[in-house]
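Just below is one structure, and these are the notes that go with it.
Read-outs: derived from the displayed coordinates by stated rules, not from any lab. Keep in mind the model is a prediction, meaning the values are calculated, not measured. Neighbour counts are summed over all protein chains in view; Cβ atoms, including those assigned to glycine, are modelled from backbone coordinates with ideal geometry.
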Amino acid sequence: MIVNTRFAPSPTGLLHVGGARTALFNYLWAKRNCGRFLLRFEDTDRARSSAEFEGAMLRDLEWLGILPDGDAARQTDRAARYSEALAELCRLGFAYACFCPPEEGGVTRPRADKCRFMPEGERARRMASGEHFCLRFAAPQGDGDFIFRDRLRGDLSVKLSSIGDFVLARSDGSPTYLFAVVVDDHDFNVTHVIRGEEHLPNTPKQELVYRALGWETPEWVHIPMVLDSGRHKLSKRSGAISVASYREDGWPPEALVSYMATLSWAGAPDDAISGADALAAAFDIGSVSLDSPVHDQERMNHFGKMAMRCLSVESLLSEFRALFPEPPDGGADIDSDRAALIGELLPSCACKSELERSIGEAFLLRDPHEQGGPADEAWARDLRETLSSVAPEAWCSENLKNILRGFQKERGLKGKDLYHCLRMRLTGVGHGAPIALVMGCLGKGNTMGRLGSRVEEKGVTL
Ligand code: GLU
């Protein structure tokens, strides 16, 4: 069987993790079956839809590696096709013109029935006179149940009386979402409709339209909604973090993909980073759990850190070289110390902007006098002398580590006294990357400058 899935967002906001996870599951299922993953913009709400949001969604999907097969379709391009399908429904006796005034919650049965069972002559006369009308679906009536099947939930039943004669097209002729989706999914041979469970109430109505038109119904797969920490639906409107902002913060896209795959799919690896295509090989839509997953930034950070560790330190160095202080005198191999510093900082960063901040902080000289008292022991003077005798070309973290170790031993100093004091002098912060590495990256001139800069200023020894 050929599998075609689709992602059908309304371009009314930025893509967030919930929507992107729906796209991902559709992509994974299509690719798992060597099928096609289609993209369709449901832009019939002209007031809220925009080309900017379409462009942003396309960029986000491309960045995530969730690439649609073929060009994106757009509902506003398909008006003629919807009219044709509406005409067919009218011809088959499944649609009728209703003259009731538009109401938010639809029209109650007895009122709709007045239009549904109106003599045809009267209907034709009122339509010809220019009176406003919408087109409603003539849903089956009676006390029975309507049964439809969801892949994850099995057979579901709703009372026929609860379905009602829903609107297919508004009085301006524009199709409703309920109807347009059916025509689109049929025309594009969509075999699996994988979407959020909030669409479950629409499904019996849509299936009725399929049946009325004699079209084959796709397989329905309603996946649980991603919730926020307050257990509300994660939505663009509830301020969910957009995929675009993760991209701007320099998250590796595989981190998002790997994390999103775990939202309801127990088979997704929890301790490895994979791209969408690698995940597709093992994906099974039937094993998606019905429990609503909660978006957990901490867990996402875990994936971010794993993915950051997969990046090449060399390429990160070329990206962030400008953040390192320029040493006036060079050094033995300053780039290898810079790369080592990146390697030190990387494991605690979930995205590039965190790494950028950490590199910046490693060299940001905070005021040491706020952080702790200065050292004024005699050894401090001697250490300055020892360090100033190191030739600039021998200035590298490996040598500095040995020099500091030798100095500590010779003077019988406690590590805390030497390293902490040095760290405070050089960075103003009592923790961070190994101090020899920081000194290697600073270079001799900058290090000596920092060690000496406060001599006159504060009258301290180091
Ligand atoms: N346009 C709908 C939405 O953004 C999706 C409709 C569907 O998947 O059938 O929620």
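What is the calculated FRET efficiency for residue 62 to residue 2, with r their C-beta to C-beta distance and R₀ = 30 Å, to the nearest 0.05? Provide the component values of the computation, followed by the final result.
Numbers: r = 24 Å, r/R0 = 0.81.
Approximately 0.75, to the nearest 0.05.
Modelled this way, with points 7 Å down the Cα-to-C-beta line, the labels at residue 145 and residue 344 are 6.7 nm from one another.
DSSP assigns beta bridges within the stretch 122-219; of those with both partners inside it, close to 90 percent run antiparallel. Dipole magnitude for the stretch 197-271: computed about the Cα centre from +1 point charges on Lys and Arg Cβ and -1 point charges on Asp and Glu Cβ, it is near 420 debye. Spin-label pair residue 245-residue 233: with each label point 7 Å from Cα along the Cα-Cβ axis, the two points sit 2.0 nm from one another. Taking 11 Å as the cut-off, the amide N atoms of the stretch 238-274 that come nearer than this to a point 7 Å along the Cα-to-beta-carbon line of residue 353 belong to 242, 244-251.
Entry note, the stretch 203-320: relative contact order of 29 percent, from Cα contacts under 8 Å with a spacing of 6+ residues. Here r is the Cβ-Cβ distance between residue 91 and residue 71 and R0 is 30 Å; the resulting FRET efficiency, rounded to 0.05, is 0.45.
Run the simple label-point estimate for residue 429 and residue 113 please: 7 Å along Cα→C-beta, distance reported in nm. Those two pseudo-labels are separated by 7.3 nm. Placing +1 on each Lys and Arg Cβ and -1 on each Asp and Glu Cβ, with no other charges, gives the stretch 272-311 a dipole about its Cα centre of roughly 240 debye. In loop segments of the stretch 227-313 as defined by DSSP, the trypsin sites (Lys or Arg not before Pro) with at most 10 further C-beta atoms inside 10 Å of their C-beta are 231, 237. Scanning residues 5 or more positions from residue 6 or on other chains, those with amide H under 5 Å from its amide H are 38, 194, with H placed 1.01 Å from N in the peptide plane.
So how strong a dipole does the chain carry about its Cα centre when Lys and Arg Cβ are +1 and Asp and Glu Cβ are -1, to the nearest 20 debye? Each step should come with its number before you reach the end.
On the way: 56 positive and 66 negative charges, 153 e Å.
That gives a dipole near 740 debye.
Starting from the eigenvalues of the Cα gyration tensor, five times each then square-rooted, give me the equivalent ellipsoid semi-axes of the stretch 1-96, largest first, whole Å.
Numbers: eigenvalues 144, 73, 21 Å².
After scaling each eigenvalue by five and taking roots: 27, 19, 10 Å.
What's the extension gain from residue 52 to residue 157 if we count 0.36 nm per residue and subtract their Cα-Cα distance?
Working: separation 105, 0.36 × 105 = 37.80 nm, distance 4.01 nm.
Extra length available between residue 52 and residue 157 comes to 33.8 nm.
For the chain, what does the helix formula give at 222 nm: sum of -39500 (n - 2.57) over DSSP H segments with n ≥ 4, over the residue count, nearest 500 deg cm²/dmol?
Details: 19 runs with 207 residues, N = 462.
When only DSSP H runs of four or more count, the value is -13500 deg cm²/dmol.
Quote the relative contact order of the chain in percent (integer), defining contacts as alpha-carbon pairs under 8 Å separated by 6+ residues.
Values: 733 pairs, mean separation 66.1, N = 462.
Dividing the mean separation by the residue count of the chain yields 14 percent.
How many percent of DSSP beta bridges within the chain run antiparallel, rounded to 5?
Percent antiparallel among DSSP bridges in the chain is about 55.
Between 167, 258, 442, the Cα set farthest toward the positive side of the dipole of the chain (charges on each charged residue's Cβ, about the Cα centre) is that of 167.
Report the GluC sites (Glu not before Pro) located in the stretch 200-238 that are in a DSSP loop and have at most 10 other Cβ atoms inside 10 Å of their Cβ, or state none. Could you put the intermediate results ahead of the total?
Working: sites: 207, 216, 219; in loops: 216.
Filter output for the stretch 200-238: 216.
For the stretch 188-240, what's the relative contact order in percent, using C-alpha pairs closer than 8 Å and at least 6 residues apart? Show your work: numbers first, answer last.
Values: 44 pairs, mean separation 21.2, N = 53.
Reported as a whole number, the value is 40 percent.
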